[in-house]
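Just so you know, all these numbers are worked out from the coordinates, no wet-lab data involved. Predicted, not measured: the structure shown is a model, and the values here were computed from it. Neighbour counts are summed over all protein chains in view; Cβ atoms, including those assigned to glycine, are modelled from backbone coordinates with ideal geometry.
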Amino acid sequence: AQTVTQSQPEMSVQEAETVTLSCTYDTSESDYYLFWYKQPPSRQMILVIRQEAYKQQNATENRFSVNFQKAAKSFSLKISDSQLGDAAMYFCAYQEGGSEKLVFGKGTKLTVNP
Amino acid sequence: KAGVTQTPRYLIKTRGQQVTLSCSPISGHRSVSWYQQTPGQGLQFLFEYFSETQRNKGNFPGRFSGRQFSNSRSEMNVSTLELGDSALYLCASSLAGDRETQYFGPGTRLLVL
């Protein structure tokens, strides 16, 4: 079974600084998708970024970018110019091609200090 | 476009009762998935429906069931509630499933006493 591991239960960053959240996954599949979701205190899960495994180029969305290392099965999220509104739980998720099921990591709680 | 909506937002039940949760997907979305979130187990996949058919099911007991209607709205039911069923239940929708990004609703928080 596929597994997703987030080794950092908590992280903190100063406002305007850069932080990187780590995620590793285990799969024998070649067709899959990876996601980072953000869950603020409101508990609403918000999509941050998506990466298709077949794409070598790392995905970026404004201040959010990923470092996708397929051979190492690593998928880290970099947040640049951190803002107070970035404070939340961040979940890394894996989705196998052909399936709707998301497998989530345990999450990383990000604190942004003013 | 309106997002995914879930009702009710909060629910308190007692052990042995049953509960029904509702999810209305984003307009045009045909796939609905359900997840359970608890502090101990994290986020776990319950099941997924597409065009009124269950396509995938997670590792949960038969007390957990669901269905999808012709308008893509979905309900999940939990019978004979146990204390361990206390959780945040999240619904997510996508256009057609398979390679489509899922968008989540605000969740229903269930407390079983």
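The residue pairs whose first member lies in the range B:78-107 and is charged (D, E, K, R), whose second member is in a loop (DSSP other than H, G, I, E, B), and whose beta carbons are closer than 7 Å, counting only pairs six or more residues apart or on different chains, are B:E82/B:R15; B:D98/A:G98; B:D98/A:E100; B:R99/A:G97.
Residues in the range A:93-114 that are within 14 Å of chain B (Cβ to nearest Cβ) and assigned to a strand (DSSP E or B): A:A93, A:Y94, A:Q95, A:E96, A:L102, A:V103, A:F104, A:T108, A:K109. Can you find a residue in the range A:82-92 that is within 24 Å of B:A92 (Cβ to Cβ), surrounded by 21 or more Cβ atoms within 10 Å (Cβ to Cβ) and within 12 Å of chain B (Cβ to nearest Cβ)? Yes, the conditions are met somewhere in the range A:82-92. In the set B:S27, B:S51, only one residue is polar (S, T, N, Q) and on the phi > 0 side of the Ramachandran plot; that residue is B:S51. Any chance you could count how many residues in the range B:76-108 are in contact with a Gly (Cβ under 8 Å, 6 or more places away or on another chain) and away from chain A (no Cβ under 14 Å)? Of the residues in that region, 4 qualify. Hey, could you check the range B:86-113 for residues that are buried (at least 20 other Cβ atoms within 10 Å of the Cβ) and touching a Leu at 6+ places or on another chain (Cβ under 7 Å) and say which is nearest to B:V4 (Cα to Cα)? So the residue we want is B:G105.
Filtered by the rule that a residue be under 21 Å from A:F104 (Cα atoms) and either touching a strand residue (DSSP E or B) at 6+ places or on another chain (Cβ under 6 Å) or away from chain A (no Cβ under 12 Å) (or both), the range B:55-75 gives B:R55, B:N56, B:K57, B:G58, B:F60, B:P61, B:F64. Among strands (runs of 3 or more DSSP E) entirely within the range A:25-71, having at least 3 residues that are within 12 Å of chain B (Cβ to nearest Cβ) and within 21 Å of B:P39 (Cα to Cα) singles out A:32-39.
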